[in-house]
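Visitor: To start, I am sharing the structure in question, which I have written as structure tokens.
The values are calculated or read from the model by the stated rules, or taken from the named source; none is laboratory data. What you see is a predicted model; the values in this text were computed from it and never measured. Cβ: placed from backbone, ideal geometry, glycine included. Neighbour counts: every protein chain shown.
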């Protein structure tokens, strides 16, 4: 009898250990080192502490890093990158917590592609920190918080919208949570779109043309809107969403993302041939960005 109980105890212990290894992975999903503490988020403290906010001077409109030669702003600290000096954005300002690389990129991927939902809380706190410079604006009136939507098929497949999870977590962490009205079903993605990676500027515009619509314009009209997404890459998606929201009557649109891809376009301020006027519209941003990137590749060739 005692032998049977002993075997039962061993089996129970092994079952518990197996369950623990599934629920609480033994290795950090970023660096691979063993996790020493039980946590719902399989990322070690060192990797989390290594994720830092963007440093240095950034454009006061789009958040692009501005190199030292062009970092001087006006008396109030306002500065523009070369692209924003030429292009009128459909949003007032875009802020981001950090650069889309390293640990921050891996953390976003854990949420977005691996369904590690506890990562949303950490990313939400980062987003909330990025929003602090905008608090003087948001203290004036209630702000409509709109996550960039997924198409319904992708939403069903993934089971969640990462932008919405991050927006909810940021609102929960904010001292101004009562000023933020979350509205996840106001902006809709009306058709499926392809990945923007590798597309030309024309292809990106065509890919997103007519892809977004406002379901209830009355809820947007005259409101300050905060558009939330996980990553700002080329800016095409948030620009298209902002344009649609403005057409629906939004007073102003602000953009907040956890991460931002830094193009470092500022070094080309003095290059001839990039004379794009604001009257050409914000879509010209992509052509300019492609020219800057092409020139960057040319300068790096052996």
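Visitor: Here are some conditions: (1) over 16 Å from residue 258 (Cβ atoms); (2) touching a helix residue (DSSP H, G or I) at 6+ places or on another chain (Cβ under 6 Å). Residue 51 meets all but one. Which one does it not meet?
Guide: (1) is the only condition that residue 51 fails.
Visitor: Taking the condition of being in contact (Cβ under 8 Å) with a residue 24 or more places away in the chain and in contact with a strand residue (DSSP E or B) (Cβ under 7 Å, 6 or more places away or on another chain), how many residues in segment 142-163 meet it?
Guide: Number of matching residues: 12.
Visitor: Return the only residue of 137, 143, 122 being touching a helix residue (DSSP H, G or I) at 6+ places or on another chain (Cβ under 9 Å) and either closer than 22 Å to residue 214 by Cβ or modelled with pLDDT under 95 (or both). Before you say what the answer is, go through the steps one by one.
Guide: On the way: 137 fails: touching a helix residue (DSSP H, G or I) at 6+ places or on another chain (Cβ under 9 Å); 122 fails: either closer than 22 Å to residue 214 by Cβ or modelled with pLDDT under 95 (or both).
Going through 137, 143, 122 in turn, just one is touching a helix residue (DSSP H, G or I) at 6+ places or on another chain (Cβ under 9 Å) and either closer than 22 Å to residue 214 by Cβ or modelled with pLDDT under 95 (or both): 143.
Visitor: Shifting gears a bit: Mind checking which pairs have a first residue in segment 199-210 that is modelled with pLDDT of 75 or more and a second that is part of a loop (DSSP other than H, G, I, E, B) and surrounded by fewer than 16 Cβ atoms within 10 Å (Cβ to Cβ), Cβ under 9 Å, 6 or more apart or different chains?
Guide: Hits for this filter: 208/196; 210/190; 210/191.
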